[in-house]
Structure formats: structure tokens, C-alpha cells
Amino acid sequence: MEIEEPEPQEEYVPGVAGGRNYMAKLCHLPDGPWYISVIHVESLPPLHDSDRTWPTRDEAVQAADKLVATLGH
């Protein structure tokens with residue numbers, strides 16, 4: 001009998017950084033770290049983050065903000 005892997009929980013978080021609106025898709029497994037699956041930024045192709053993870057949702061949101069803000073520089 002196979003044990004099924006838990007599905008990642010997904011959460012969409014809107015934001016504005018560097019003058020651009022974005023929607024970040026954050027994911028995490030129960031009791032696991034958060035990671036950025038994809039960020040949709042207005043007028044740009046979707047961004048995919050590296051394999052980095054953060055222990056809390058708030059830290060993942062801050063990382064998404066920083067990633068989008070660096071696009072303007």
C-alpha cells in the first residue's frame with residue numbers, strides 16, 4: 001500500500017513593489033516551509049523563484065516583494 005504525499009497548499013498574495021502590481025503564488029506543505037511557486041507581474045512574463053524556502057508565510061511575502069522590486073532597477 002502506497003502512502004500518498006500531501007498536496008502543497010497554495011495561497012495567492014497580491015502586492016505592489018517597485019511601482020508594479022503583482023500576484024504571487026505561495027505554496028507550502030503542512031508543517032513545511034513556504035516557497036514561491038510563481039509571480040505574475042503586470043506587463044512581464046511570469047517569474048519563477050529558485051528553490052529557496054522560508055519558514056513563515058510573511059517571510060515568503062517579503063521575498064516576493066523584494067524580487068519584484070529588483071525588476072525596476
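Computed over protein heavy atoms with a 1.4 angstrom probe, the accessible surface ordering of Leu26, Leu44, largest first, is Leu44, Leu26. Applying a DSSP loop filter and a limit of 12 other Cβ atoms within 10 Å to the trypsin sites (Lys or Arg not before Pro) in the chain leaves Arg52. Carbon-plus-sulfur accessible fraction, the chain (probe radius 1.4 Å, protein heavy atoms only): 53%.
Which net charge results for the neighbourhood of Trp34, defined as the other residues with beta-carbon distances under 13 angstrom from its beta-carbon, given Lys and Arg at +1 and Asp and Glu at -1? Every neighbour counted, the sum reads -4.
Report the full-extension gain for the segment Arg52 to Val13: residue separation times 0.36 nm, less the Cα-Cα distance, to one decimal in nm.
Values: separation 39, 0.36 × 39 = 14.04 nm, distance 1.76 nm.
Full extension from Arg52 to Val13 adds 12.3 nm.
Spin-label model, Met23 to Glu4: label points 7 Å out along the Cα-to-beta-carbon direction sit 2.7 nm apart. Cβ under 15 Å from Gly15's Cβ, Gly15 left aside: what net charge do those residues give with Lys, Arg +1 and Asp, Glu -1? Taking every Cβ under 15 Å from that of Gly15, the sum is -2.
Take every pair of alpha-carbon atoms less than 8 Å apart whose residues are at least six positions apart; their mean separation over the length of the chain yields a relative contact order of 28 percent. The long axis of helix 57-69 is offset from the longest Cα principal axis of the chain by roughly 30 degrees.
Matching the structure-derived Rg/Rh (Cα atoms, Kirkwood Rh) against the labelled list [x] 0.95; [y] 1.38; [z] 1.05 gives the label [z].
The values are calculated or read from the model by the stated rules, or taken from the named source; none is laboratory data. Just so it is clear, the structure is predicted and the values come from calculations on it, not from any experiment. Backbone-built Cβ (ideal geometry, glycine too); neighbour counts: all protein chains shown. Remember, those area values only see protein heavy atoms, side chains included, never the ligands or the DNA or RNA. Shrake-Rupley method; radii C 1.70, N 1.55, O 1.52, S 1.80 Å.
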